[in-house]
Amino acid sequence: FGGAIIGAAVQGDKVYVVSWDNIVRALDRGNGSQKWKEPVTRPLYPPRILNGIVAVVGVSPTLSTFRADNGTPISTWAFPNDLLLQGAPLIDTPAPYRVSIVAVFRDGQVFGLRSTEMLFKEAAPVPLTTLPGRSVPREP
């Protein structure tokens with residue numbers, strides 16, 4: 001690695017490692033071979049793994065998430081530059097309409113994050129201009 005290791009997390013047959021060279025890596029637990037690697041911003045805490053998602057807390061963006069199986073980036077979350085984290089964010093299992101990540105900042109602010117992909121967005125209902133179906137003539 002290009003720098004000291006910040007931390008590691010293990011799930012199944014893989015070990016996920018974040019180091020000072022600003023890269024998160026997935027390693028095979030049996031032989032140590034590298035499965036994938038992705039760049040991140042300067043990491044602050046060890047990675048977290050949850051339901052096939054690797055979450056890495058860094059400087060900016062604050063939170064980056066990746067698929068655990070192939071390293072594909074999922075999303076990032078950035079906070080205003082004048083705020084400083086007070087410890088690592090608390091991460092829970094993602095669920096629809098529920099806060100799954102809580103970040104506490106040194107000035108006392110608390111942010112609750114929920115997945116926008118799990119909101120089941122539907123198109124807004126529109127009024128019908130014509131009745132559905134076909135018109136039936138009146139019987140004599």
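The values are calculated or read from the model by the stated rules, or taken from the named source; none is laboratory data. As the structure is a computational prediction, the values presented were derived from the model and not from experiment. Because the Cβ atoms are built from the backbone with ideal geometry, glycine has one as well, and the counts that use them run over all protein chains shown. When the accessible area is computed, the model is the full protein with side chains, heavy atoms only, and any ligands, DNA or RNA have been set aside. Shrake-Rupley method; radii C 1.70, N 1.55, O 1.52, S 1.80 Å.
What's the total number of residues in the stretch 93-112 that are in contact with a strand residue (DSSP E or B) (Cβ under 8 Å, 6 or more places away or on another chain) and exposed (fewer than 12 other Cβ atoms within 10 Å of the Cβ)? Give the steps one after another, and end with the answer.
Narrowing the stretch 93-112 to residues in contact with a strand residue (DSSP E or B) (Cβ under 8 Å, 6 or more places away or on another chain): 93-94, 99-106, 110-112.
Now restrict to residues that are exposed (fewer than 12 other Cβ atoms within 10 Å of the Cβ): 93, 106, 110, 112.
Residues in the stretch 93-112 being in contact with a strand residue (DSSP E or B) (Cβ under 8 Å, 6 or more places away or on another chain) and exposed (fewer than 12 other Cβ atoms within 10 Å of the Cβ): 4 in total.
Within the set of pairs 6+ apart or on separate chains, which have a first residue in the stretch 1-13 that is over 14 Å from residue 48 (Cα atoms), a second that is open to solvent by less than 80 Å² (accessible area, probe 1.4 Å) and of a type in the set (A, V, I, L, M, F, W, C), and C-beta atoms under 8 Å apart?
Correct list of pairs: 1/17; 1/23; 2/23; 5/17; 5/18.
So residue 65 ticks every box in (1) polar (S, T, N, Q); (2) in a loop (DSSP other than H, G, I, E, B); (3) buried (at least 16 other Cβ atoms within 10 Å of the Cβ) but one. Which box is left unticked?
(2)
Hey, could you check the stretch 1-44 for residues that are polar (S, T, N, Q) and farther than 15 Å from residue 64 by Cβ and say which is least open to solvent (accessible area, probe 1.4 Å)?
The initial filter retains those residues of the stretch 1-44 that are polar (S, T, N, Q), namely 11, 19, 22, 31, 33-34, 41.
Restricting the remaining residues to those that are farther than 15 Å from residue 64 by Cβ gives 11, 31, 33-34.
Values: 11: 79, 31: 115, 33: 45, 34: 91 Å².
By that ranking, first place goes to 33.
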